[in-house]
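The values are calculated or read from the model by the stated rules, or taken from the named source; none is laboratory data. This is a predicted model, so every value here is computed, not measured. Neighbour counts are summed over all protein chains in view; Cβ atoms, including those assigned to glycine, are modelled from backbone coordinates with ideal geometry. The accessibility values were calculated without ligands, DNA or RNA, using every heavy atom of the protein model including side chains. Shrake-Rupley method; radii C 1.70, N 1.55, O 1.52, S 1.80 Å.
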Amino acid sequence: MKPISYLTNKTTPTRYRSLGGMIFVLLFVSFFALSPYSAYAQCGQWDVGGQWSIQQSTTVVNFELQRNGSVVTGKAYYTQPGRETKFLGVVTSGGDSVVHYGDVDGSARGSLFTVHIYWDNHKSIGVYTGKISPSGKIEGDAYGEENPSVKVKWYSRSSMLCAPVPVVATKTPTPAPPKKTIKATGHARVTPPDPAIEPIKAILKAPGIIATPNNIALMKGKSKGMTTLTWDAGRAHPSAEVWVKVDDGDETKVVATGKGTLQVTVVPGKSYLYILKDAGKTLATLIVEFHR
C-alpha cells in the first residue's frame, strides 16, 4: 500500500505540466490573433499612395503616387549614374549622372500591384507587377513593354499600410404619414378630398383647357358658382381663342389669347361647353359640371 503523500507528490508535477501547456497554447493563440502579421493578412485594400521607393537590381526607383480606390496614378524617377572607365587601374568618370522621370498609372487590387511607367528616355514603357505580402512589402518583376521576355526582380524598400475601410453614410428614410383607420373594422383607408373643400386639380397638357374647380360646389342659398379657366394652345397656336357655347345657343368668344387664365361665373341648370380653337380649328373642349 502506497502512502497518500506519495500519490500526491507524483501527480502534482503532471498536473502542473498539463496546466502550463494549456497556458502556453492560449498565450500563443492570443499573440497570433493580435499580432500585426494577422492584421496585415486580413487587409482587403492596401494604401500604396505617398512617397516610397523600390530596389530594382542596383537601381533605386522612387515613387510619388496617389490612390483613388483601386486606381493608382503619379510620378516616378530614378538616377542613372555617369559611366566609369578604367585605364591602367585608375577609375575615371565618363560624365555626370542623369535623372529620368516618368508618369505612372495602374492599379492596386487586393494584394496585387500593377503599374506602367512611361519613362522620358527613349519613350520606353516599364511594366511593374508585384504582390503585397502580409507584412506590407511588395515583390515582383519588371520588364520593358517592348521586350517582356527580359524581366528583372524588384521589391519595395518599405512596407505599405492597410487602407482604412470607408464609412458609407446611410440615409434615414422619411417615415410615411399615418393612415386613417376605421375603428369599426380597423382597416386602413385613404380619405378622398372633398371637392367642396379641396378641389381635385386637373393636369393641363397643351393644347388643352381645364377648369379649377370643375364639378363646382354650390353653397346653400347661392344661385351662381365660380371657376377659373386655364388654357394653353401650345407654341404652334399663339393666336388661339377661347369660345363658350351655353345650352343650345351660339358660340361666343370669351377671350383671344393663346395661353392664360380667367375666372368665369356659371349658373347651375345650364350646360357650359368651352372651346379652344385657332382659325376655326378646334384644339380642345371642356364641359363645366356642378354638384350640390
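Among the listed pairs 224/281; 75/131; 222/281, those whose Cα-Cα separation exceeds 27 Å are 224/281; 222/281. Summarising the label geometry, the points placed 7 Å from Cα in the beta-carbon direction at residue 137 and residue 285 lie 9.1 nm from one another.
Residues 250, 120, sorted by accessible area with the largest first, give 250, 120 [1.4 Å probe; ligands and nucleic acids excluded]. Towards the positive end of the charge dipole of the range 222-283, with charges on Cβ (+1 Lys, Arg; -1 Asp, Glu), say which of 240, 257, 225 has the farthest Cα. Value computed over the given set: 225. Accessible-area rank, largest first, for 162, 43: 162, 43, with all protein chains present and a 1.4 angstrom probe.
Computed 3J(HN,Hα) for the range 143-150, one whole-Hz value per residue from the Karplus formula 6.51 cos²θ - 1.76 cosθ + 1.60 where θ = phi - 60°, is 7, x, 4, 7, 9, x, 6, 9, glycine and proline marked x.
The heavy atoms of residue 157 offer some 130 square angstrom of accessible surface to a 1.4 angstrom probe.
FRET efficiency for the pair residue 226 and residue 203, taken as 1/(1 + (r/R0)^6) with r the Cβ-Cβ distance and R0 = 22 Å, rounds to 0.55.
Need one number: convex hull volume per residue for the range 100-150, Cα atoms only, in Å³.
81 Å³
A 1.4 Å probe, protein heavy atoms only, puts the accessible area of residue 71 near 80 Å². Counting heavy atoms of the protein chains alone, residue 146 has an accessible area of about 140 Å² for a 1.4 Å probe.
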